[in-house]
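Engineer: The structure is given below, and queries will be raised subsequently.
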Amino acid sequence: MKESHFLNQVVRSLLAGQLKAAADPHRPRWHLAAPVGLLNDPNGFIEHDGRYHLFYQWNPLGCEHRNKGWGHVSSTDLLHWQHEPVALLPTEAYESHGCYSGSAVSDEQGRLTLIYTGNVKYPDGSRTAYQCLARADGEGGFAKLGSVLDLPQGYSGHVRDPKVWHDGQQWLMVLGARTLDDKGEVLLYRGDALDAWTLVGPIAGSGRCGLGEFGYMWECPDLFALGECHVLISCPQGIAPMGEDYRNLYQCGWLAGSFDGTHFAHGAFHELDRGFEFYAPQTTQDSQGRRLLFGWLGLPEENEMSQPTIPYGWIHQMSCPRELFWQDEWLCQRPVAELEALKGEQTRFEGTLGEFPGLAIDSAWLDLDLCGEGSLWFGAVAELVWQPGRINLRRQNWQSGEWETRSSPWAGGRITVLCDRSSLECFIDEGRQSLSARYFPGEKPQLSSGNGDDGCKICLDYWPLAA
Ligand code: FRU
């Protein structure tokens with residue numbers, strides 16, 4: 001589609017749809033969501049010239065996975081975001097079926113530069129992919145510089161989601177890939193410039209990469225140093241559920257190890273978030289040295305068809321901004337400290353589960369100290385259930401009406417729940433595990449006690465959150 005025609009359609013979609021989307025009772029109070037249309041992966045997360053920039057996969061014209069470009073917001077505090085001009089729209093032949101996910105860097109001249117996947121699909125069902133550059137044009141937009149990397153030999157058309165960084169000497173890039181015999185891999189490239197890349201090889205994945213049979217495709221890789229170790233986050237597709245693990249259609253997890261610039265020696269794969277909706281996260285290191293992360297509170301192809309927000313013309317949201325840290329050799333996550341500023345007046349309840357009078361919850365921060373066995377209801381559609389050793393998050397599926405559960409180990413430590421009008425993010429044992437989910441409780445939901453040991457003592461601190 002011609003750029004001017006596309007832009008016209010985006011403007012029309014925004015003018016016609018923005019007020020309707022904002023009037024949805026399930027619209028987040030402070031989480032990021034697209035003004036209209038479909039949002040998926042966080043892209044290009046970076047602190048540049050004193051502002052945080054976050055881009056996101058965006059279909060500005062509807063709630064389906066089509067017309068993918070990059071939306072753009074910026075902020076000084078990770079919470080109050082300013083909309084910026086749309087960064088990328090799929091207008092060129094090398095990106096005809098989407099400007100897919102990627103990352104952002106400050107280039108050698110300090111210019112904000114995007115590297116993303118141009119996705120091209122053919123009528124026979126096959127596809128190809130190009131890794132492409134775009135550079136800030138000084139007027140809030142981005143000028144496309146075209147493709148800088150074709151498909152490597154031996155790989156299918158599924159090679160995408162470049163995450164690029166500089167190691168002080170050279171540029172490095174990891175790419176998600178699917179081999180011709182359907183093994184998911186993460187490919188490493190090196191470059192002397194952002195448009196001159198050389199393949200080093202696969203550094204993790206399925207098959208020959210050391211994890212055995214572990215998925216046919218790995219999406220959205222992100223490799224970074226944290227403390228003494230390196231972490232690779234990625235999203236393997238095609239892993240069957242095993243007990244309480246891998247319950248979603250696609251997984252998102254981390255590997256920890258040591259990266260010597262060429263090889264990544266790593267341990268086992270662990271899920272990054274054990275909830276229903278969490279995918280394609282992206283991290284950046286900010287000027288305070290923190291490793292920050294946003295994830296998409298959604299999953300491709302799962303629970304999307306009938307989300308109750310679709311009649312309001314929008315779908316999906318981001319997670320809260322999270323900080324990654326190590327605790328006892330385990331990768332942990334906590335909401336960023338900036339979130340404290342959204343807290344209103346504190347309410348504390350200390351007593352037995354049976355005495356809990358309930359609370360109206362809209363958008364809130366809850367700290368829970370729990371013991372014994374019991375549960376708390378969030379509206380009538382989600383329940384947090386605790387028992388020695390385990391936390392379960394149950395919810396009623398809005399599509400099928402069935403109850404479904406995601407589960408996490410629990411060492412008995414504090415649980416923090418951030419809830420917004422249609423999302424729950426539970427941080428268990430001070431962030432050792434997280435369980436995230438969308439939920440659609442309707443208007444004026446109550447937090448109330450559920451089944452359990454009535455005599456079990458609970459301590460609940462509650463703060464309303466408002467941006
Ligand atoms: C992950 C993903 C990426 C791709 C993008 C397209 O959710 O499938 O691999 O680049 O979404 O929107």
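The values are calculated or read from the model by the stated rules, or taken from the named source; none is laboratory data. Note that the structure is predicted; figures quoted are calculated from it, not measured. Cβ coordinates were reconstructed from backbone atoms using ideal geometry, including for glycine residues, and neighbour counts include every protein chain displayed. The protein model used for the area step is the full one, side chains on, heavy atoms only, and it has no ligands, DNA or RNA in it. Shrake-Rupley method; radii C 1.70, N 1.55, O 1.52, S 1.80 Å.
Engineer: If r is the Cβ-Cβ distance from residue 345 to residue 19 and R0 is 45 Å, what FRET efficiency results, to the nearest 0.05?
Structural biologist: Efficiency for this residue pair is about 0.90.
Engineer: At most 16 other Cβ atoms within 10 Å and a DSSP loop assignment: could you name the GluC sites (Glu not before Pro) in region 359-467 that fit?
Structural biologist: Of the GluC sites (Glu not before Pro), the ones in loops of region 359-467 whose Cβ has at most 16 other Cβ atoms within 10 Å are 373, 402, 430, 443.
Engineer: Which whole-angstrom value gives the distance between the alpha carbon centres of region 398-467 and region 295-368?
Structural biologist: Spelled out, the Cα-based centre of one part sits 8 Å from the other.
Engineer: Could you look at region 197-288 and say what percent of its accessible area is carbon and sulfur, using a 1.4 Å probe and all protein chains?
Structural biologist: Working: 1710 of 3450 Å².
That fraction is 49 percent.
Engineer: Here is a follow-up. Report ³J(HN,Hα) in whole Hz for each residue of region 102-113, in order, from the Karplus equation J = 6.51 cos²θ - 1.76 cosθ + 1.60 where θ = phi - 60°; Gly and Pro get x.
Structural biologist: x, 9, 10, 9, 8, 6, 4, 9, x, 8, 5, 10
Engineer: Work out from phi, with θ = phi - 60° and the Karplus expression 6.51 cos²θ - 1.76 cosθ + 1.60, the ³J(HN,Hα) of each residue of region 329-336, listed in order in whole Hz, and give x for Gly and Pro.
Structural biologist: For region 329-336, the Karplus-derived couplings read 6, 10, 6, 10, 9, 9, x, 4 Hz, x marking Gly and Pro.
Engineer: Same structure again: Using the Karplus curve 6.51 cos²θ - 1.76 cosθ + 1.60 with θ = phi - 60°, work out ³J(HN,Hα) for each residue of region 358-375 in order, rounded to whole Hz, and write x for Gly and Pro.
Structural biologist: x, 8, 6, 10, 10, 10, 8, 10, 10, 10, 10, 10, 10, 8, x, 10, x, 8
Engineer: Same structure, new question: Kindly provide the helix-only [θ] at 222 nm of the chain, computed as the sum of -39,500 (n - 2.57) over DSSP H runs of four or more divided by all residues, to the nearest 500 deg cm²/dmol?
Structural biologist: Helix-only estimate at 222 nm: -1500 deg cm²/dmol.
Engineer: Enumerate the residues in region 391-409 having an amide nitrogen under 18 Å from the point lying 7 Å beyond the Cα of residue 268 toward its Cβ.
Structural biologist: Of the residues in region 391-409, 391, 407-409 have backbone N under 18 Å from the label point off residue 268.
Engineer: While we're here: When the Debye formula is applied to the Cα atoms of region 101-153, each taken as the same point scatterer, what base-10 log of I(q)/I(0) results at q = 0.13, 0.18, 0.26, 0.30 Å⁻¹?
Structural biologist: Values, matching the q order: -0.38, -0.63, -1.00, -1.17.
Engineer: If you don't mind, there's one more thing I want to ask. Could you work out the percent of alpha carbon pairs in the chain separated by over 31 Å, rounded to a whole number?
Structural biologist: Working: 43979 of 108811 pairs.
The proportion of pairs with Cα distances above 31 Å equals 40 percent.
Engineer: What are the residues whose amide H is under 5 Å from the amide H of residue 298, where those residues sit 5 or more places off or on another chain and H is modelled from the backbone?
Structural biologist: Result for residue 298 returns 278, 279.
Engineer: I've got another one for you. Write out the GluC sites (Glu not before Pro) in region 306-342 meeting two conditions: DSSP loop, and at most 13 other Cβ atoms within 10 Å of their Cβ.
Structural biologist: Passing sites in region 306-342 are 329.
Engineer: Does anything in region 408-436 have its amide N under 12 Å from the 7 Å Cα→Cβ label point of residue 459, and if so which residues?
Structural biologist: Answer for region 408-436: 414-415.
Engineer: Scan around residue 391 for amide H atoms under 5 Å from its own, H built in the peptide plane at 1.01 Å from N, and keep only partners 5 or more places away or cross-chain.
Structural biologist: Result for residue 391 returns 408, 410.
Engineer: Something else now. Please grab the % of Cα pairs in region 336-435 that end up more than 22 Å from each other.
Structural biologist: Values: 1490 of 4950 pairs.
Summing the P(r) of region 336-435 above 22 Å gives 30 percent of all pairs.
Engineer: If you project the alpha carbons of region 179-239 onto the principal axes, what extent comes out on each, in Å, largest first?
Structural biologist: 34, 31, 18
Engineer: Restricting things to Cα coordinates, could you compute the convex hull volume per residue of region 128-253 in Å³?
Structural biologist: Convex hull of Cα atoms, per residue: 151 Å³.
Engineer: Sticking with the crude label model, points 7 Å out along Cα→Cβ, report the distance from residue 198 to residue 2 in nm, one decimal please.
Structural biologist: Result for the modelled spin labels: 4.5 nm.
Engineer: Where does helix 3-22 land angle-wise versus the long Cα axis of the chain, in degrees 0 to 90, nearest 10?
Structural biologist: Orientation of helix 3-22: about 0 degrees from the principal axis.
Engineer: Cα atoms only, region 396-435: Rg and Dmax in Å?
Structural biologist: Both quantities, over Cα of region 396-435: 12.1, 34 Å.
Engineer: Which stretch or stretches of region 160-190 have amide N atoms under 20 Å from the point lying 7 Å from residue 108's Cα along the Cα→Cβ direction?
Structural biologist: 164-174, 189-190
Engineer: Please list, in chain and number order, the residues 5+ apart from residue 372 or on another chain whose amide H is under 5 Å from its amide H, with Hs placed from the backbone.
Structural biologist: Residues meeting the criterion, in which the H sits 1.01 Å from N, do not exist here.
Engineer: Take the cross-link list 121/183; 163/183; 343/444; 2/183; 68/343 and give me the ones stretching past 27 Å between alpha-carbons.
Structural biologist: 2/183; 68/343
Engineer: Translational diffusion coefficient of region 1-150 at 25 °C, 0.890 mPa s, Stokes-Einstein with Kirkwood Rh over Cα pairs, in µm²/s as a whole number.
Structural biologist: 154 µm²/s
Engineer: Same structure again: With a 1.4 Å probe and all protein chains left in place, how much accessible area per residue does the chain have, in Å²? Numbers along the way, then the final one.
Structural biologist: Numbers: 18140 Å² over 467 residues.
Ligands and nucleic acids excluded, the figure is 39 Å² per residue.
Engineer: What is the local net charge at residue 100, summed over the other residues whose Cβ is closer than 9 Å to its Cβ (Lys, Arg +1; Asp, Glu -1)?
Structural biologist: Spelling it out: positives minus negatives among the neighbours equals -1.
Engineer: Still on this structure, I have one more. Could you sort 209-221, 452-464 so that the peptide with the highest average Cβ count within 10 Å comes first and the rest follow in order? Intermediate results must be reported in sequence, preceding the final value.
Structural biologist: Details: 209-221: 20.8, 452-464: 16.8.
Put in order of decreasing packing, that is 209-221, 452-464.
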